[in-house]
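Asks: Okay, handing you the structure first.
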Amino acid sequence: MFKLNFILKIVTILLLVVFPQSRLLFAKNLYVNCGGDFKSFLRNIGDVAIDKGINKNDVLLVLKNSQRSKKVISLDRKQSTFRLSFTDFSKKAINTYRLKNGKKNIEKYKELFQIAKSKYGVPPEVITAFWAMETDFGAVQGDIHTFSALATLAHDCRRPEMFQPEYIAAINLFSKGIIDLKTTGAWAGEVGQVQMLPSDILKFGKDGDNDGFIDLKKSPEDAILTAAALISELGWEPNQPWIEEVIIDDKNFPWKEAGFGRDRKISSWKKLGIISRNKKFMASDNTKATLLLPQGLKGPKFLAYSNYNIYLKWNDSFIYTVTAAHLASRFSGQKKFLSNKPDKILSLKKMIKLQNILQSNGYNVGKVDGILGRQTRQSVRTIQIKLGLPADSWPTDDLLNILN
C-alpha cells in the first residue's frame, strides 16, 4: 500500500509538471479539469451540464455567450478584507439613506414581511439590513456579465470546485427562465437584490409577488422572500435576538474574555459587570452570548447571540457582520452605538510591520498582508496577555512601539 501511494504521488507530480496549465484537482465538486484551453473547457463542462439533464440548446447558447474575463481574474486576486476600522466602515454603511429607506421598505412591504416571518421566522429588520448592505435595496447590483464571470472562475484553478457547480447552476437558471443571457451581477457570480449565488437561487428562489416568475433582480418581493428562505436554512432561530450593545464601565474588566470561542451565560456576564444599554438584556440569564469588541476596549461593545452566527455564514468578515447586525438593530429601534474615541486602525505600513514582528516571534498571523484578520487579532490578544496589557485584540501604536 505504501508503494502504491508513493507511485500515485509521483505520477501526480509528473502530471502537474508536464501539464501545468491543466492541473488535476481531486475535489468533490470538480466536474472537469481546470485550466488549459478555455474553449475546450467550455465544451467539457457543457457536456456535464447536458448529462445533468439541462436542455442541450440552452447549454450551447450559454457557452456561446461565455467569455474569459481578465477583469474578473484581477478582482479575484485583489480581493481583501476591509482595511477600514469598524467605526469608519459602519459610518459609511449605516448612513441616512439606508436608515430612511430601510424603514420605508419595511412599511411598504409590511404584509410580505409578515408572511416571511410567519413562514421562516426571520424578522423584517434582518432581511432589510442584508438588502441594504448588499445592493442599497436593488440600486447597485453589479455590472459584470454573470455567465462570463462564473465561466472564468470555474476555468481558473484557484477555486474551481466552488465555481464549476455554480456555473452549471447558472446554466440551469437560464434554462428555467430565471435569468437571461445578458444577466449581470457581482464579479463572483452573485445575482439580484440580495446578491445570491446561482445554486442558492435554484434551491431557495421564491415568487414573492405571485406573478409566476422568480426575478431577484427586478422584484423586491421575490428578493425578500428568497432571502428569508435562505436565512432560515442557515439556521436562524425564530424570536431570538442576534446582537445587542452593552456597557462596560469597570476599568479592571477582564478583556481577554472577549472574542469568539469564549461565550458564557448572561448571568456570568452580569457578574463581570456588563450592563445592557437597553437596561434589560434581550435574552434570559441562561442564554449564552459572546462579547465582541470590533475596535478594542475604547470602541463599541456588543453581546452576540447564536443568531449572529448566521451573519458569519452569509459573509465571514467580522466588520461586515457586526455592521449588518447593528444595522438590523437600528431598524428595530435601537440607538446608534456608543464610542469613546477608540484608537484608530493602524496604517497598512504599520500593520505589515506589526505582522512581521509577531511572525518573527513565532505567532501565526496568517498571510502578512496588512489586513487585521482573525489570526492577527488572536496573535495580538496573546501577546497582550503576555505583556500584561488589556487583551482586547486591538493593535495600537502603543503596542507597536513596545514591540519595536
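What follows is calculated from the coordinates using simple rules that are stated; it is not laboratory data. If you're wondering where the values come from, they're calculated on a predicted model, not measured in any experiment. So basically every Cβ, Gly included, is an ideal-geometry build from the backbone, and we count neighbours across all protein chains shown.
Asks: Which angle between 0 and 90 degrees, to the nearest 10, do you get for helix 348-360 versus the longest principal axis of the chain when only C-alpha atoms count?
Replies: 90
Asks: Which whole-number percentage describes the relative contact order of the chain, with Cα contacts under 8 Å and a sequence gap of 6 or more?
Replies: Reported as a whole number, the value is 15 percent.
Asks: If you don't mind, there's one more thing I want to ask. Considering Cα pairs under 8 angstrom that are at least six residues apart, work out the relative contact order of region 209-277 and quote it in whole percent.
Replies: Here the relative contact order equals 31 percent.
Asks: Then there is this: With each pseudo-label sitting 7 Å past Cα toward Cβ, what's the K298-Q375 distance in nm, one decimal?
Replies: 2.9
Asks: Sticking with this one: So the label point goes 7 Å from the Cα of F38 along Cα→C-beta, right? Which residues of region 137-153 then have their backbone N under 15 Å from it?
Replies: In region 137-153, the label zone of F38 (backbone N under 15 Å from the point 7 Å along Cα→Cβ) covers 145-153.
Asks: At a threshold of 8 angstrom on Cα-Cα distance, excluding pairs fewer than six apart, so keeping six or more, what relative contact order does region 348-403 reach in percent?
Replies: Dividing the mean separation by the residue count of region 348-403 yields 27 percent.
Asks: What translational diffusion coefficient, in µm²/s and rounded to a whole number, does the Stokes-Einstein relation yield for region 348-403 at 10 °C and a viscosity of 1.306 mPa s, taking the hydrodynamic radius as the Kirkwood radius over Cα pairs?
Replies: Answer, rounded: 146 µm²/s.
Asks: How large is the charge dipole for region 348-403, taken about the Cα centre, if only the Cβ atoms of Lys, Arg (+1) and Asp, Glu (-1) carry charge, to the nearest 20 debye?
Replies: That gives a dipole near 160 debye.
Asks: A further question on this structure: Between 0 and 90 degrees, rounded to the nearest ten: what's the tilt of helix 96-108 against the longest Cα principal axis of the chain?
Replies: 70
Asks: How many nm separate the modelled label positions at D51 and L348, each set 7 Å beyond the Cα in the direction of the Cβ?
Replies: 4.4
Asks: Kindly express, to the nearest 10 degrees and within the range 0 to 90, the angle between helix 220-233's C-alpha long axis and the longest C-alpha principal axis of the chain.
Replies: The answer is roughly 70 degrees.
Asks: Residues with amide H under 5 Å of V246's amide H, sequence separation 5 or more or different chain, H placed in the peptide plane at 1.01 Å from N; which?
Replies: R277, K301, F302, L303
Asks: For each of S118, S90, S85, count neighbouring Cβ atoms within 10 Å of the residue's Cβ, then give the residues from fewest to most.
Replies: Starting with the residue having the fewest Cβ neighbours, the order is S118, S85, S90.
Asks: Considering the dipole of the chain built from charges on the beta carbon (Lys and Arg +1, Asp and Glu -1) around the Cα centre, which of G388, I115, A304 is farthest to its positive end?
Replies: Value computed over the given set: G388.
Asks: Past 30 Å, Cα to Cα, is the threshold; run K56/K206; K117/K271; K71/K217; K119/K271; K56/K119 against it and keep the listed order.
Replies: Correct reply: K117/K271; K119/K271; K56/K119.
Asks: Along region 335-343, what does the Karplus equation 6.51 cos²θ - 1.76 cosθ + 1.60 (θ = phi - 60°) give for ³J(HN,Hα), rounded to whole Hz, x for Gly and Pro?
Replies: After applying 6.51 cos²θ - 1.76 cosθ + 1.60, I find 7, 4, 4, 7, 8, 10, 6, x, 4 Hz.
Asks: Another question, then. Around M196, which amide H atoms from residues at least 5 apart in sequence, or from another chain, sit under 5 Å from its own amide H, with H modelled in the peptide plane?
Replies: V191
Asks: Cut-off under 12 Å on the C-alpha distance; same-chain residues fewer than 8 positions from K279 excluded. Which aspartates and glutamates are left, in chain and number order?
Replies: In chain and number order, the partners are E244, E245.
Asks: Tell me, what HN-Hα J-couplings in whole Hz come from the Karplus equation 6.51 cos²θ - 1.76 cosθ + 1.60 at θ = phi - 60° for each residue of region 286-293, using x for Gly and Pro?
Replies: 8, 6, 8, 8, 10, 7, 10, 10
Asks: Still on this structure, please answer the following. Using Cβ counts within 10 Å as a stand-in for footprinting exposure, how do H145, H155 rank, fewest first?
Replies: Listing H145, H155 from fewest to most nearby Cβ atoms yields H145, H155.
Asks: Hey, another quick one. With mean projected area of the Cα convex hull in nm² defined as stated, name the option among (i) 20.8; (ii) 23.9; (iii) 26.7 computed from the structure displayed.
Replies: Only one option fits the structure, namely (ii).
Asks: Then there's this: Given a Förster distance of 41 angstrom, what is the FRET efficiency for L181 paired with K280, based on the Cβ-Cβ distance and rounded to 0.05?
Replies: Once the sixth-power term is evaluated, E becomes 0.15.
Asks: Among V122, V368, which comes first, second and so on when ranked by fewest other beta-carbon atoms within 10 Å?
Replies: Ranking V122, V368 by Cβ neighbours within 10 Å, fewest first, gives V368, V122.
Asks: Another question, if that's okay. Tell me, what HN-Hα J-couplings in whole Hz come from the Karplus equation 6.51 cos²θ - 1.76 cosθ + 1.60 at θ = phi - 60° for each residue of region 257-271, using x for Gly and Pro?
Replies: 7, 7, x, 5, x, 10, 6, 8, 5, 4, 4, 6, 5, 4, 5
Asks: If I model a spin label as a point 7 Å beyond the Cα along the Cα-Cβ vector, how far apart are those points for N404 and K103 in nm?
Replies: Going from the N404 label point to the K103 one covers 4.6 nm.
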